[in-house]
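Taking it in order: structure first as structure tokens, then the write-up.
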């Protein structure tokens, strides 16, 4: 790789890191080419940018970004997964892939300036996406309104049933 190509690769990774909302670093050693190809396809579908780059170049690129905490993790074969839209998408992708491939090991997770514990991966991966969370919130906000409308609807219904019962009682008497 020529020095000009290295500079371009560093700038490209720096731009991606600045746009990303979260990132995951993983050791991909031992994963087959077909499995990694499927992982890359899934990443494209979920707006996750996967990057395999030399560790020295990655360290330079991530130095002045919010993911500078990854510097100590950049040893050996490392794949970086950046979530570009939904903060949980990279964690979901890596978590699902690590369930299928036992040799795929997560090195670190970051939702900002600091590393999170690896035990938090499953919790982050199980969080609802932004769209799911908004729909759940809309449902919660809509529930009291529906109950209020039902109560308002019951008052005239009860009145009609009472009048019907009085009418039947007078007819039978």
Once both labels are modelled 7 Å past Cα along the beta-carbon direction, what's the residue 154-residue 44 spacing in nm?
-> 5.5 nm
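Could you work out how much longer the chain between residue 3 and residue 117 gets when fully extended? Use 0.36 nm per residue separation minus the Cα distance between them, nm to one decimal. Before the final figure, lay out the partial values.
On the way: separation 114, 0.36 × 114 = 41.04 nm, distance 3.57 nm.
Full extension of this stretch gives 37.5 nm more.
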Measuring from label point to label point, each 7 Å out along Cα→Cβ, what is the residue 33 to residue 19 span in nm?
-> 2.8 nm
How big is the gap, in Å, between the Cα center of the stretch 31-46 and the Cα center of the stretch 75-106?
-> 11 Å
Given the rule -39500 (n - 2.57) for each run of at least 4 DSSP H residues, summed and divided by the residues of the chain, what is its mean residue ellipticity at 222 nm, to the nearest 500 deg cm²/dmol?
-> -19000 deg cm²/dmol
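Report the relative contact order of the stretch 89-173, percent, no decimals, based on alpha-carbon pairs under 8 angstrom and at least 6 residues apart.
Working: 32 pairs, mean separation 19.1, N = 85.
Reported relative contact order: 22 percent.
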Compute the long axis of helix 89-100 from its Cα atoms, compare it with the longest principal axis of the Cα atoms of the chain, and write down the angle in degrees, 0 to 90, nearest 10.
-> 80 degrees
Taking N as the number of residues in the stretch 106-153, what is its Cα Rg relative to 2.2 N^0.38 Å?
-> 1.90
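What order, most packed first, do the peptides 112-119, 42-49, 77-84, 147-154 have when packing is the mean number of other Cβ atoms within 10 Å of each residue? Please list the in-between numbers first.
Working: 112-119: 12.2, 42-49: 16.8, 77-84: 21.5, 147-154: 9.6.
So the order, starting with the most tightly packed, is 77-84, 42-49, 112-119, 147-154.
Write down the Kirkwood hydrodynamic radius of the stretch 3-127, to one decimal in angstroms, obtained as one divided by the mean of 1/r over all alpha carbon pairs.
Details: mean 1/r = 0.0701 Å⁻¹.
Here the Kirkwood hydrodynamic radius works out to 14.3 Å.
The numbers here are math on the coordinates, done by the rules we state, and not lab data. Since the model is a prediction, treat every value here as computed from it, not as a measurement. Virtual Cβ from ideal backbone geometry, glycine too; neighbours counted across all protein chains shown.
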